[in-house]
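Below: one structure, written as structure tokens.
The values are calculated or read from the model by the stated rules, or taken from the named source; none is laboratory data. Since this is a predicted model, take the numbers as computed values, not measurements. Using ideal geometry, Cβ is built from the backbone for each residue, glycine included, and neighbour counts are taken over all protein chains shown. Ligands, DNA and RNA are stripped out before the accessible areas are found, and what is left, the full protein with its side chains, is counted by its heavy atoms. Shrake-Rupley method; radii C 1.70, N 1.55, O 1.52, S 1.80 Å.
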Amino acid sequence: MVYTSYKKIDDVGRVVLPKDVREKLGLRINDMLKIDVENDRIILTKAVDSCVFCGKSDKLKEYMGKTVCESCINKLNNT
Ligand SMILES: [Zn+2]
């Protein structure tokens, strides 16, 4: 499938993914996207990632280059 759409970047750098694209790819609110930059292209991929410590896949964040959930980040910050 090739889909082309034009979207403006807003004043804080956000781009809205068209609803039909989100539905086609099963993307939902708070899903994680992987962003790869390859020359002049930005490649967005639905990330099926999980926390490196506990294996959970909700509230994930990037922490020192690793995917970690919010509660594990809190535990790390409290040690
Ligand atoms: Zn975790």
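Values as computed for the structure displayed
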quantity: Mean separation of Cα contacts under 8 Å (6+ apart) over length of segment 17-61, as relative contact order %; calculated: 26 percent
quantity: Dipole in debye (nearest 20) - the chain, about Cα centre, beta carbon charges: Lys, Arg +1; Asp, Glu -1; calculated: 200 debye
quantity: Relative intensity, log₁₀ I(q)/I(0), of the chain from a Debye sum that treats every alpha carbon as a point, q = 0.11, 0.16, 0.23, 0.26 Å⁻¹; calculated: -0.40, -0.77, -1.18, -1.30
quantity: Formal net charge of residues neighbouring residue 72 (Cβ-Cβ distance under 15 Å; K, R +1; D, E -1); calculated: +1
quantity: Helix-only mean residue ellipticity at 222 nm for the chain, each DSSP H run of n ≥ 4 adding -39500 (n - 2.57), per residue, nearest 500; calculated: -5000 deg cm²/dmol
quantity: Net charge over other residues, Cβ less than 15 angstrom from the Cβ of residue 14 (K, R count +1; D, E count -1); calculated: +1
quantity: Solvent-accessible area, 1.4 Å probe, carbon plus sulfur percent, for the chain; calculated: 52 percent
quantity: Over 30 Å (Cα to Cα) - which of 7/75; 8/56; 34/75; 46/75; 19/75; 19/56 fall in this group; calculated: 7/75; 8/56; 19/75
quantity: The chain, accessible area per residue, ligands and nucleic acids excluded (1.4 Å, Å²); calculated: 92 Å²
quantity: Normalised alpha carbon radius of gyration of segment 1-47 [divisor 2.2 N^0.38 Å]; calculated: 1.20
